[in-house]
1. I want to verify a result. In a Gaussian network model of the chain, Cα cutoff 10 Å, which of these has the top mean-square fluctuation: 137, 70, 208?
2. Between residue 310 and residue 181, what's the calculated FRET efficiency when r is the beta-carbon distance and R0 is 41 Å? Round to 0.05.
3. Find how many whole Å separate the alpha carbon centroid of region 56-133 from the alpha carbon centroid of region 290-330.
4. For Cα pairs less than 8 Å apart in space and 6+ apart in sequence, what is the mean separation divided by the residue count of region 12-118, i.e. the relative contact order in percent?
5. Answer with a single label: of (i) 312; (ii) 271; (iii) 175, which was calculated as volume of the Cα convex hull per residue in Å³ from the structure in view?
6. Tell me what the chain gives for mean residue ellipticity at 222 nm when only DSSP H runs of n ≥ 4 count, each as -39,500 (n - 2.57), the sum divided by the residue total, rounded to 500 deg cm²/dmol.
7. Rounded to the nearest 5, what % of the DSSP beta bridges within the chain are antiparallel ones?
8. Could you work out how much longer the chain between residue 239 and residue 74 gets when fully extended? Use 0.36 nm per residue separation minus the Cα distance between them, nm to one decimal.
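Every number in this text was worked out from the coordinates using simple rules, so none of it is lab data. Quick caveat: nothing in here was measured; it's all calculated off a predicted structure. Positions of Cβ are generated from backbone atoms using ideal geometry, with glycine treated the same way; all protein chains shown enter the neighbour counts.
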């Protein structure tokens, strides 16, 4: 791997007994990049994060940050910040003392610690909260404090292990946007573990799709979604329709939003079918349409029409052949 990468792993592997959970992966990330490790449970994404953090020892390979080999260093020698799913705040310490904890361990003088805590509280939108205890705060507020504690010592790398999974949907969206804004402001290289596809697509510079200890694809959200490099990447990220083999050939598929109920300048293929189900998703209607015995999902904008589509309606679907994915070639 090139030395231009700020974070680099080379031929990294991990065994638990005879079970190999990470299979000799190599990848590199640029300084200031926000990278998401995305995959199903058991794919190895959290194991990779824990090896970078120093909580797990690699069975083989190496880990470099800013040109320094960290493979054998203890966690407290790596100058990393980490945020956990369960917050891991000290319940007997105030918010201010939680944020200042790493600074105190590092021997930072009291006045400097106090100033840094105030700076962090302003950054996370909680000024004046330094004397509260974690039990007096909501889950979203506690996770903000956990983030502030991680970045207060000015780490060179920030690791986030599914930090939003315990929060409700609306708070998750708001907090992930805040995390991304803070990361951009600080310019800190960040590795974010998630199994949530929307989360990864919305905030990442690049996404590393993991499956069974291997890297399926590493690329921008646009490339991951629109140009999947493998069948797994295509089917795991987003929704996908398998098209009728008799009409399109084997292993052909298309995204639901790329099928329309009306012709467009770039559509060149039509399919006739019957609406079998309608799902209301707010701004989007998800239609299930039976075409030649194949059930297709179509996402169409909810335009509040006077005559909305109904189950049993016969419809003509329009799509562009250029939008069809060949999963056999992926």
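1. Evaluated over the chain, the most mobile residue of the options is 137.
2. 0.45
3. Result: 49 Å between the Cα centres.
4. With pairs under 8 Å counted, the relative contact order is 18 percent.
5. The calculated read-out lines up with (iii).
6. On the way: 9 runs with 88 residues, N = 330.
That calculation yields -8000 deg cm²/dmol at 222 nm.
7. Of the beta bridges lying entirely in the chain, close to 70 percent run antiparallel.
8. Result: 55.3 nm gained on full extension.
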